[in-house]
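Below is one structure, written out as structure tokens, with a few remarks after it.
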Amino acid sequence: MSFGELLDETIADLSSKKAAFLASLDEINTLVIGSSHGDYGFDPAKFPGSFNFCAATQDLKHSAMLYKFCAEQTPKIANLILFYSVFSPGMYLDKTTEKARCAVYKELFDQSARYADDEINSAYEKIHGALNGAASIKGHMGFVASNARHFYPLAYGAEKRALGHMKHNARAGADIYLIKILDMARTLGHKVTVVFPPVRSDYRSYLPRDVNELFSGIVELKNNFDYPFEVANFFDDPIFLDEHFGDFDHLLPVGPGTAVVTEELAAAVGGG
């Protein structure tokens, strides 16, 4: 997509989620944040009281921004679920080809956010104050239950997809925002669950088979950070079959894989 197309897509997506969230404050006790793996693979209909605020290419920095915004809107949140992807350890949205999305996050959730990128800042100035009425609530509690969504074609290649994510995994450094999230959770008394989402077998074949190696930052934090959190590891769970996926690493929103993820989280966290 072009910069402008990404900007328009993100406005439509995040404006809709924000409007749905603000309209449902009295119903929400579990906030779900993170990347498109959660956006596609977590269905609040199977976890009453939850809200899906995951979105395409959401990095830890913007997950922290969302968490702060949402926590300020309602004291009823008790649980935080964070989808943590292969690329999460070192991915910064404002340094990717999808940086247009940052301007929308700033306008909708934190106008004090600062970016060094002139293109992001120019896009923000363009949309600042102009998004009133942009929201059209879709789906249920932030989730659109449809398999007619964007998936990577087979021709893109599992190896290209996996190794592209591994570049961010190896770079690391973004877990500083996970620490910020955990610090907020400690202050607010929220229970935190970090989710390793499932992936298809062809994608997984190009990654380290040892989950502790792949997500070493989480392992270290779990062992050493002074605020406890849970880890839900679906990454190498054999219950997920290739036919549960729409592409290499995204579950079909309407399918047994998404149902398993959501129902297991509901049981573990205490929803449903």
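The values are calculated or read from the model by the stated rules, or taken from the named source; none is laboratory data. Source: prediction; values computed, not measured. Cβ placement follows ideal geometry from the backbone for every residue including glycine, while neighbour counts extend to all protein chains displayed. These accessible areas exclude ligands, DNA and RNA; they are computed on the full protein's heavy atoms, side chains included. Shrake-Rupley method; radii C 1.70, N 1.55, O 1.52, S 1.80 Å.
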Global form of the range 176-272, assessed from the alpha-carbon gyration tensor, a/c cut-off 1.5:
oblate
Too-long pairs where the Cα-Cα distance tops 28 Å, listed order kept, from Lys18/Lys95; Lys46/Lys99; Lys18/Lys46; Lys61/Lys138
Lys46/Lys99
Once the dipole of the range 77-206 is set up from charges on Cβ (+1 Lys and Arg, -1 Asp and Glu), the residue from the list Asn169, Ala113, Ile181 lying farthest towards its positive end is Asn169
Roughly how many Å is it from the Cα centre of the range 162-194 to that of the range 215-263, as a whole number?
15 Å
Semi-axis lengths, Å, the chain, gyration tensor of Cα atoms, sqrt of 5 times eigenvalues
25, 22, 20
Hits in the range 60-79: amide N under 19 Å from the 7 Å Cα→Cβ extension of Leu22, namely 65-77
Leaving ligands, DNA and RNA out of it, report the carbon-plus-sulfur percent of the accessible area of the range 65-168 at a 1.4 Å probe.
51 percent
Computed FRET efficiency, Cβ-Cβ of Ser146 and Glu243, R0 22 Å: what is it to the nearest 0.05?
0.80
For the range 56-131, shape from the Cα gyration tensor axes a ≥ b ≥ c, cut at a/c of 1.5 then a/b versus b/c, turns out oblate
Under 20 Å Cα to Cα from Lys191, which aspartates and glutamates show up? Leave out anything in the same chain fewer than 8 places away.
Asp26, Glu27, Asp43, Glu72, Asp175, Asp183, Glu220, Asp226, Glu230, Glu263, Glu264
Between Ala130 and Arg171, Cβ-based FRET efficiency (R0 41 Å, step 0.05) works out to 0.75
Accessible surface of Ser136 - all protein chains present, 1.4 Å probe, nearest 10 Å²:
70 Å²
Using a Debye calculation, one point per C-alpha and no hydration shell, please list log10 I(q)/I(0) for the range 112-168 at q = 0.15, 0.24, 0.31 Å⁻¹ in order.
-0.94, -0.90, -1.17
Could you provide, to the nearest whole Å², the per residue accessible area of the chain with probe 1.4 Å?
43 Å²
What residues have an amide H closer than 5 Å to that of Leu251, excluding those fewer than 5 places away on the same chain, when H is modeled at 1.01 Å from N in the peptide plane?
Gly246
Please grab the % of Cα pairs in the range 1-103 that end up more than 19 Å from each other.
41 percent
Based on Cβ point charges of +1 for Lys and Arg and -1 for Asp and Glu, what charge dipole magnitude is obtained for the chain about its Cα centre, in debye rounded to the nearest 20?
340 debye
In Hz, Karplus ³J(HN,Hα) per residue of the range 162-174 (6.51, -1.76, 1.60; θ = phi - 60°; x = Gly, Pro):
5, 6, x, 5, 5, 4, 6, 4, 6, 5, 6, x, 7
